Structures are given as structure tokens and as C-alpha cells.
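Take a look at the structure below.
The values are calculated or read from the model by the stated rules, or taken from the named source; none is laboratory data. As the structure is a computational prediction, the values presented were derived from the model and not from experiment. Virtual Cβ from ideal backbone geometry, glycine too; neighbours counted across all protein chains shown. These accessible areas exclude ligands, DNA and RNA; they are computed on the full protein's heavy atoms, side chains included. Shrake-Rupley method; radii C 1.70, N 1.55, O 1.52, S 1.80 Å.
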Amino acid sequence: MRQTWRWFGPHDKVTLADARQAGVEGIVTALHHVATGAVWSPEEIEKRQREVAFHPDGTMTHLHWEVVESLPVSEAIKTQTGDWRAHIVHYRRSLDNLARADIKVICYNFMPVLDWTRTELAWPLPNGGRAMRFDLADFAAFDIHILQRDGATSDYAAPVVKKAAKRFERLDDDARQKLAADITAGLPGTQEHWSLDTIKAGLAAYRNIRPEKLRKHLIDFLSDVAPHAEKLGLRLCCHPDDPPFSLLGLPRVMSTLADYKAVLDAVDGPANGATFCSGSLGARPDNDLPAMVKALAPRIHFVHLRNVTRDSEEVPCSFFEDEHLAGQADMVAVIAALLAEEKRRKKEGRADAKIPMRPDHGQEILDDLKRGAQPGYPAIGRLKGLAELRGVMTALNHPLLGG
């Protein structure tokens with residue numbers, strides 16, 4: 001697999017020099033400052049390409065922008081309200097401009113309102129490091145007692161409701177504000193920030209949208225943009241829901257193999273593909289990750305490798321982001337299945353035989369604890385994860401193991 005690294009732009013506290021020293025081959029980034037629904041102009045795309053290609057002192061990084069993460073899909077498109085048709089036109093124009101810049105892989109997601117969600121962005125670990133965590137009782141405390149969403153209590157099992165009440169009672173004002181801030185942090189790098197009022201407004205927009213309707217809206221979106229992307233030689237890849245179950249009573253439609261098959265079969269073309277995220281999908285105990293790789297293999301255009309450890313085998317459940325080889329996902333089996341797909345593609349002569357991957361997230365360890373990088377994206381924690389994943393790939397590709 002082609003080893004890439006997510007970078008959030010010139011203000012990222014993990015620099016391109018850090019990425020270069022980590023030994024990565026390409027950069028994953030986006031135009032985080034451009035408003036969702038607006039066109040990514042050729043000028044802004046070229047500017048970001050230059051920022052990736054050159055260090056601030058003008059010397060070359062020897063790195064290139066290879067994957068877009070993410071070209072966001074607006075809430076208007078997801079709900080098919082307001083300017084959603086214009087936003088689809090803008091999305092197609094952005095794809096035109098990315099194709100002209102020779103950037104071929106575009107990751108996006110279709111999660112309503114909050115996107116990825118954690119209840120703690122710097123959860124202390126026994127070894128002194130920090131990780132991101134989703135605690136179901138803490139989330140219920142936010143949902144029921146801070147957001148005070150109508151009907152929230154009925155969405156949780158009675159023991160979770162009881163535990164949430166006790167958690168809320170123990171939180172002082174500062175702790176309650178921190179919990180709300182962590183949950184509403186939104187996509188990493190984004191300029192959009194949620195408040196309780198804007199979340200409530202977002203929830204209202206989905207009042208009459210059930211999972212079947214949201215899935216139809218996703219298929220409608222892809223029916224328009226995927227054929228266009230195919231003509232341009234681009235590969236779109238939908239990131240799974242994170243976590244892969246309903247939150248705040250909202251529908252989520254990219255959480256399981258059945259979800260992916262429904263969408264990929266409905267718009268059955270090579271440009272309509274998947275971002276396989278082992279961490280997101282692994283937060284659901286009924287997802288068999290190696291089997292999912294094998295089932296989706298020809299349509300996997302981008303890979304995120306990380307691991308989680310769940311507190312229980314229920315859906316939904318609490319979990320934390322573990323070390324890349326220490327969580328409950330069988331990472332060796334996942335990587336073996338991905339390498340097998342690469343070999344199959346190479347025999348077919350596919351131009352995308354080498355699948356871009358990146359070490360997703362990472363625990364804050366050592367000097368990461370003082371750097372203050374984007375949550376989930378520390379330098380050393382990701383380097384450690386990449387080194388472990390690289391070791392697995394090297395071993396599996398060795399002739400002694402049939403590689």
C-alpha cells in the first residue's frame with residue numbers, strides 16, 4: 001500500500017518535515033478554509049499543492065498532495081433542502097478542478113450533523129499517554145441533560161440512562177462545558193463549529209428523514225456525481241460512520257457491510273467506492289473487518305488503519321482508540337486481505353493497483369503531550385502506528401510468507 005499522511009495545512013503543528021521524516025510517500029489534505037458547498041477553485045487547489053511541495057523556506061518537500069480528505073458534502077445535499085442542487089453543481093465543478101490538478105482520490109462522508117464524535121479527545125492512559133474515547137454514558141449525559149433533546153431518554157437502555165444521570169450530577173460547570181465542546185468538535189481541520197443551538201437546528205432538519213430516506217439522498221448524490229467522476233478518471237470513496245451507529249436520534253447509513261453494498265450496488269461504477277476505516281467500522285462488534293475487506297475489495301479506493309478497544313460487545317457501545325496493533329481488530333488479517341487485493345489488481349493491470357493508506361489517528365505519547373496537535377493526529381503516535389503497520393506489510397510481503 002502507498003503510505004500517506006494527513007496534513008491540515010500550514011498551521012498544522014505536525015509539519016511536512018515531520019511527515020517526510022516519518023517516511024511517508026504522499027500527503028492527504030483538503031481546503032479546510034473553503035465553506036462547505038462552495039467550489040474549490042483551481043487557484044486554491046494549486047496554492048495547497050505548492051504548500052505541500054515546498055517547505056516554508058522554499059526547499060522541496062519531495063511530497064505531493066495525493067488524496068483529498070475531505071471534499072465535504074453539505075447538509076443541504078444530505079437533506080435535499082435549500083441550495084442542495086446548486087451544491088451538487090459546485091461539487092462537480094470542484095471535481096473538475098481536482099482532475100485538472102491530477103488529484104484522483106476524493107474521500108467524503110455522509111454523516112448527518114455531527115460527523116465523527118468522541119466524548120473525550122485526550123483520555124488519560126495507564127502508560128501516561130492520551131487517546132480519544134467515546135463513552136456512551138457520557139454521550140447520553142450530554143444528549144439528555146445538556147442538549148436536552150426531546151425523546152432522548154428513550155434512545156438509551158435503562159442502565160445507560162441511570163449511569164448518565166449520575167455522571168451529569170458529578171460534573172461541575174467547567175466539566176459540562178468541556179464535554180459539550182469535545183462532542184461538538186466536528187471534523188478535524190474544519191472551520192465549522194457547532195453550538196447547542198446549531199445542533200438543535202440541525203436535528204430539526206432531519207426530523208422527517210429516516211435511514212431509508214437518507215440512503216436515497218446519498219444514492220441520488222452519487223447518481224449525479226459518480227458518473228461525472230468516472231469520466232474524469234477520479235475515484236470517490238465514502239468514509240464510514242464514526243461511530244457506526246445512530247447518535248442523537250439521527251440516521252446513519254454507512255455503518256455495516258450491508259450499508260456499503262446497498263450504496264455501491266445502487267451506483268455500480270468504478271468511481272463509486274469506499275474508504276475502508278478499520279477504526280470506525282471496528283467500533284461495531286458485529287462488523288467482521290477482514291471479511292468486509294474481501295467483500296468490498298475491488299471498490300476500496302483509500303484505507304485508514306487504526307484500532308479500537310470496546311468496553312462491551314453491544315451496539316452501541318463505549319470504546320477508546322487503542323494502539324494500532326493492540327485493539328480488537330485483527331490488523332494482520334485486514335492488511336493481508338488488502339495486500340491480496342493489490343496483487344489481484346496488479347495482475348489485472350489496474351492503474352490503482354497500489355491503494356493509498358494512512359495511519360489513522362494515534363495516541364499522544366512522548367513529546368506529543370506538549371505539542372498540542374490536532375486531536376487524533378499527533379506526530380509520534382502516528383509515526384509509531386505507521387512503523388507497526390509498515391512492519392506487518394513488510395513481513396506479509398516477504399518471500400518466506402509467500403509475498
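Quick look at the values:
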quantity: Restricting region 365-391 to residues that are part of a helix (DSSP H, G or I) and open to solvent by less than 20 Å² (accessible area, probe 1.4 Å), the residue that is farthest from VAL24 (Cα to Cα); calculated: ASP368
quantity: Residue match in region 185-200 (condition: free of Cβ contacts under 8 Å to residues at least 40 places away in the same chain and assigned to a helix (DSSP H, G or I)); calculated: yes
quantity: Any hit, region 275-289, residues being modelled with pLDDT of 95 or more, assigned to a strand (DSSP E or B), touching a Cys at 6+ places or on another chain (Cβ under 8 Å) and over 30 Å from ASP138 (Cα atoms); calculated: no
quantity: Residue in region 267-274 that is outside any loop (DSSP other than H, G, I, E, B) and open to solvent by 10 Å² or more (accessible area, probe 1.4 Å) present; calculated: no
quantity: Among (1) open to solvent by less than 50 Å² (accessible area, probe 1.4 Å); (2) modelled with pLDDT of 95 or more; (3) under 30 Å from SER41 (Cβ atoms), the one test that PRO188 misses; calculated: (2)
quantity: Qualifying residue in region 24-32 (condition: open to solvent by 40 Å² or more (accessible area, probe 1.4 Å), touching a helix residue (DSSP H, G or I) at 6+ places or on another chain (Cβ under 8 Å) and in a loop (DSSP other than H, G, I, E, B)); calculated: no
quantity: Given (1) over 16 Å from PHE302 (Cα atoms); (2) within 15 Å of the chain's Cα centre (by Cα); (3) not hydrophobic (A, V, I, L, M, F, W, C), number of the condition LYS261 does not satisfy; calculated: (2)
quantity: Every residue from region 217-247 that is of a type in the set (Lys, Arg) and surrounded by fewer than 21 Cβ atoms within 10 Å (Cβ to Cβ); calculated: LYS231
quantity: Single match in VAL293, VAL315, VAL332 (criterion: in a helix (DSSP H, G or I), among the β-branched types (Val, Ile, Thr) and open to solvent by 20 Å² or more (accessible area, probe 1.4 Å)); calculated: VAL332
quantity: Residue within region 346-357 that is of a type in the set (Val, Ile, Thr) and crowded, with 17+ Cβ neighbours inside 10 Å present; calculated: yes
quantity: Flag if ALA258 is open to solvent by less than 10 Å² (accessible area, probe 1.4 Å) and within 20 Å of PHE276 (Cα to Cα); calculated: no
